[in-house]
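Student: Before I ask anything, here is the structure I am working with.
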């Protein structure tokens with residue numbers, strides 16, 4: 001069984017959050033019974049408090065797997081950060097289509113959502129719940145607070161590192177906020193605790209804040225790979241690379257040169273490509289030297305029906321064998337891919353490019369019926385088996401050990417190449433080609449037969465290659481928007497716009513709506529164009 005930095009906790013009860021998330025009526029549940037002052041007087045609590053900030057991405061409540069949710073208004077399994085981030089980033093694209101008919105979930109892939117979609121509300125609330133946790137920790141670990149609580153010596157140095165990690169997590173969630181919602185409410189540790197209406201900041205303003213935070217914490221974060229699962233300098237530089245690559249969408253100004261600068265820092269940090277692609281998505285992927293920053297999962301200590309438990313179970317159905325995925329049930333028969341995604345592979349069998357992880361036995365390529373699992377190719381990417389073929393640690397075979405790779409080296413290689421192709425300075429096409437072919441050589445199981453030439457390295461190729469490499473890893477919606485192919489009719493996939501063969505949708509759907517509940521709670525907010 002793996003030892004994680006949060007393994008100390010089964011039920012976390014040490015944080016007393018005394019601030020609402022983004023408005024005066026946010027639907028949050030209290031986290032603990034002890035007072036903030038008593039928690040931060042004792043340094044032995046700090047790691048446990050920090051653990052909650054990390055595990056809030058992976059689990060949905062205070063006890064697991066259900067029964068004491070962090071947010072209300074939605075089933076606890078649905079109200080999970082990773083689950084709803086996946087749905088926002090993947091279910092809205094060619095990479096994922098869902099069978100189930102829970103609430104308004106089908107409006108995501110059909111791109112017919114509105115401001116009352118409970119799944120959009122869930123990711124919005126999770127983002128701001130995370131930010132509120134981070135703010136509380138940051139507020140209580142200033143130099144003055146640490147001094148007043150008698151935190152000194154090695155404990156003081158560690159507390160400063162923890163504070164930098166909390167600032168990283170807040171920056172990550174604010175990036176999610178501006179990427180999904182554009183202009184968003186903004187609140188930090190400097191705001192007074194209590195009832196108030198946070199002001200809505202522009203996307204460009206929050207972009208600048210995220211950028212400044214990530215640069216400011218660099219000196220206090222641990223070195224790259226100092227402790228798996230912790231935010232470190234490598235994670236910091238990777239988020240900056242991602243932020244800069246998308247800067248033109250967020251601010252109107254290209255930052256490709258900055259993207260290259262930080263990609264170079266990540267690439268020089270010592271990460272290495274995993275030898276076998278499949279091993280990145282197994283129950284012992286915490287051993288990988290490619291994963292830069294994960295959302296960690298543990299079948300005993302992070303139990304819930306969202307996160308990686310959702311991704312492993314929802315991909316399994318039809319004729320798929322549960323034993324091939326290390327789970328006890330036959331799967332939840334939920335997620336498949338569209339034929340347009342399958343077409344990214346010249347050979348979808350997986351015999352050449354190992355990233356073509358499709359299950360086709362009993363499955364049709366065409367998704368004629370959205371509500372039939374055997375319509376559409378299934379995916380075999382995530383598994384609760386280890387690289388040695390053993391199932392994860394949960395004896396019931398329900399909850400999984402597989403970590404979610406938020407950022408990994410192959411993504412950075414492809415971002416570097418894209419930034420060079422977009423005219424960024426500080427890189428070159430020859431190096432970009434080397435990085436892309438390293439990714440492809442691994443995909444072809446060590447063979448160079450799939451390598452490309454300099455003339456084939458184009459922006460359209462990069463978009464397709466990111467699709468092949470990063471399926472279901474939370475990038476597709478953002479990538480399609482950056483390439484101008486998410487809305488409109490330039491690129492359509494089955495059931496885009498609610499039509500079997502796909503149809504164009506209006507450009508306002510490049511942003512999600514601010515949920516109607518939030519508009520009511522905070523009357524100072526302005527809704528995104530196109531939504532009532």
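Student: How many residues does segment 373-392 contain that are touching a residue at least 60 places away in the same chain (Cβ under 8 Å) and not in a loop (DSSP other than H, G, I, E, B)?
Tutor: Result for segment 373-392: 4.
Student: Moving on. Suppose we filter segment 469-481 for residues that are out of contact with any helix residue (DSSP H, G or I) (no Cβ under 7 Å at 6 or more places or on another chain) and part of a helix (DSSP H, G or I); how many remain?
Tutor: Here the count works out to 1.
Student: Go through the residues of segment 453-460 one by one and say whether even a single one is under 28 Å from residue 91 (Cβ atoms), surrounded by 23 or more Cβ atoms within 10 Å (Cβ to Cβ) and under 24 Å from the mean Cα position of the chain (by Cα).
Tutor: There is no residue in segment 453-460 that is under 28 Å from residue 91 (Cβ atoms), surrounded by 23 or more Cβ atoms within 10 Å (Cβ to Cβ) and under 24 Å from the mean Cα position of the chain (by Cα).
Student: Check whether at least one residue in segment 390-402 is surrounded by 18 or more Cβ atoms within 10 Å (Cβ to Cβ), within 23 Å of residue 443 (Cα to Cα) and in contact with a helix residue (DSSP H, G or I) (Cβ under 6 Å, 6 or more places away or on another chain), and report yes or no.
Tutor: yes
Student: If you go through segment 496-515, how many residues are within 24 Å of the chain's Cα centre (by Cα) and surrounded by 14 or more Cβ atoms within 10 Å (Cβ to Cβ)?
Tutor: Final tally of qualifying residues: 9.
Student: Being buried (at least 20 other Cβ atoms within 10 Å of the Cβ), part of a loop (DSSP other than H, G, I, E, B) and touching a residue at least 60 places away in the same chain (Cβ under 8 Å), is that true of even one residue in segment 412-429?
Tutor: Yes, segment 412-429 contains a residue that is buried (at least 20 other Cβ atoms within 10 Å of the Cβ), part of a loop (DSSP other than H, G, I, E, B) and touching a residue at least 60 places away in the same chain (Cβ under 8 Å).
Student: Something else: Quick one: would you say residue 302 is in a loop (DSSP other than H, G, I, E, B), in contact with a helix residue (DSSP H, G or I) (Cβ under 9 Å, 6 or more places away or on another chain) and modelled with pLDDT of 95 or more?
Tutor: Here the answer is no, as residue 302 does not meet what is asked.
Student: Give just the number: which of (1) under 22 Å from residue 411 (Cα atoms); (2) over 20 Å from the mean Cα position of the chain (by Cα); (3) surrounded by 20 or more Cβ atoms within 10 Å (Cβ to Cβ) does residue 346 not satisfy?
Tutor: Just one mismatch for residue 346, condition (3).
Yes/no matrix, rows are residues, columns are (1) at pLDDT 60 or above; (2) surrounded by fewer than 22 Cβ atoms within 10 Å (Cβ to Cβ); (3) out of contact with any strand residue (DSSP E or B) (no Cβ under 9 Å at 6 or more places or on another chain):
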position	(1), (2), (3)
1	no, yes, yes
16	no, yes, yes
27	no, yes, no
44	yes, yes, yes
53	yes, no, yes
59	yes, no, yes
64	yes, no, yes
93	yes, no, yes
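The values are calculated or read from the model by the stated rules, or taken from the named source; none is laboratory data. Everything numeric here is computed off the predicted structure, so don't read it as measured data. In this analysis, Cβ positions are derived from the backbone assuming ideal geometry, glycine residues included, and neighbour counts consider all displayed protein chains.
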